[in-house]
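Undergrad: Below you will find the structure I want to go over with you.
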């Protein structure tokens, strides 16, 4: 049995499909309101804030994937993520289940220095502090040998269907809607983005590779990073229309945050857009050299092609 805790998002849905394609048809999907991806999926309704419910959701699992996502509100993250992690670790230890934790990069320094699996945490802001806390909690358990676990870390998302990120919402979704893209802070810094189906496929592979455990892995991205300007140029060439964009400076988000909670919460992330973002996934590509990684050009073309087909 392989169990997905937090099965409602795009990452988990793609993960379930990849597990079924290549690893197992014995899949359990867990969330407050779980939905089957395949007809024979087992679904369990559980609140991971509840230790007993988490224990019951994990029971009988060989591998557990913690893929929970929460709305971008700092207080909610502080209230929920540490408890969810603690409950999951306790349940996995009790049932001798391996744990695969899907993580992000918020705790990394806000610099242009390449980020590797050995990059020291330097959290700035409430959300970054929470992410550093829960990752450190799991790393401490790994170091102590109390759990068989692995951390799969990904940079900002872009991708199809329910994929959520600032780039998807402000840039690619608006291109698809024939609206002017909104570029946060700078159109000329290099961005590291991960195609969400690639993230899920890679996580399934790591979870089912015994010698990948007890360490951190950066999930694979196209190493030929692009700026937002270059991404929009690809979209312009693909659509055959010139796509103008608006660059929104950080101070505008600050003013917007006075009346819009979502803009206020996004403010913590904006310093990351002032300089190049270099997420290094060479450890993964060295270990798994045959894994196909979606290039930025391929991903952008797929996003626009999906929109064109849905409109036809």
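The values are calculated or read from the model by the stated rules, or taken from the named source; none is laboratory data. Keep in mind the model is a prediction, meaning the values are calculated, not measured. Cβ sites come from the backbone with ideal geometry, for glycine too, and all protein chains shown count toward neighbours.
Undergrad: Here is a list of conditions, (1) out of contact with any helix residue (DSSP H, G or I) (no Cβ under 8 Å at 6 or more places or on another chain); (2) modelled with pLDDT under 95, and residue 211 meets all of them except one; can you say which number that is?
TA: Exception for residue 211: condition (2).
Undergrad: Tally time: how many residues in the stretch 266-287 are in contact with a strand residue (DSSP E or B) (Cβ under 7 Å, 6 or more places away or on another chain) and within 18 Å of residue 189 (Cα to Cα)?
TA: Here is the first cut: in the stretch 266-287, the ones in contact with a strand residue (DSSP E or B) (Cβ under 7 Å, 6 or more places away or on another chain) are 270, 273, 276-281, 283-284.
Subset that is within 18 Å of residue 189 (Cα to Cα): 270, 273, 276-280.
Summing the residues that are in contact with a strand residue (DSSP E or B) (Cβ under 7 Å, 6 or more places away or on another chain) and within 18 Å of residue 189 (Cα to Cα) in the stretch 266-287 gives 7.
Undergrad: Does residue 139 satisfy being assigned by TED's automatic domain parsing to the domain that holds residue 13, in a helix (DSSP H, G or I) and either surrounded by fewer than 22 Cβ atoms within 10 Å (Cβ to Cβ) or without any contact (Cβ under 8 Å) to a residue 24 or more places away in the chain (or both)? Write out each step before concluding.
TA: Working: assigned by TED's automatic domain parsing to the domain that holds residue 13: yes; in a helix (DSSP H, G or I): yes; either surrounded by fewer than 22 Cβ atoms within 10 Å (Cβ to Cβ) or without any contact (Cβ under 8 Å) to a residue 24 or more places away in the chain (or both): yes.
Here the answer is yes, as residue 139 does meet what is asked.
Undergrad: Sticking with this structure for a sec: Considering only the stretch 1-116, give the helices (runs of 4 or more DSSP H) lying wholly within it that have at least 2 residues that are free of Cβ contacts under 8 Å to residues at least 24 places away in the same chain, out of contact with any helix residue (DSSP H, G or I) (no Cβ under 9 Å at 6 or more places or on another chain) and surrounded by fewer than 19 Cβ atoms within 10 Å (Cβ to Cβ). I'd like the intermediate steps shown before the answer.
TA: Working: elements: 10-22, 51-58, 74-95.
Fully inside the stretch 1-116 and qualifying: 74-95.
Undergrad: Which of the residues belonging to the stretch 251-285 are in a helix (DSSP H, G or I) and at pLDDT 70 or above?
TA: Taking the stretch 251-285 first, the residues in a helix (DSSP H, G or I) are 251-256, 261-266, 270-273, 282-285.
Hits for the stretch 251-285 are 270, 271, 272, 273, 282, 283, 284, 285.
Undergrad: Going residue by residue through the stretch 147-161, is there one that turns out to be surrounded by 15 or more Cβ atoms within 10 Å (Cβ to Cβ), at pLDDT below 95 and part of a loop (DSSP other than H, G, I, E, B)?
TA: The answer is yes, given that some residue of the stretch 147-161 is surrounded by 15 or more Cβ atoms within 10 Å (Cβ to Cβ), at pLDDT below 95 and part of a loop (DSSP other than H, G, I, E, B).
Undergrad: Mind listing just one residue for me: the one in the stretch 117-136 that is out of contact with any strand residue (DSSP E or B) (no Cβ under 9 Å at 6 or more places or on another chain) and assigned to a helix (DSSP H, G or I) and, of those, farthest from residue 281 (Cα to Cα)? Before the answer, list the steps.
TA: We begin by selecting, within the stretch 117-136, every residue out of contact with any strand residue (DSSP E or B) (no Cβ under 9 Å at 6 or more places or on another chain); these are 119-130, 132-133, 136.
Within this subset, residues satisfying the condition of being assigned to a helix (DSSP H, G or I) are 126-130, 132-133, 136.
Working: 126: 26, 127: 23, 128: 21, 129: 23, 130: 23, 132: 19, 133: 23, 136: 20 Å.
The residue in question is 126.
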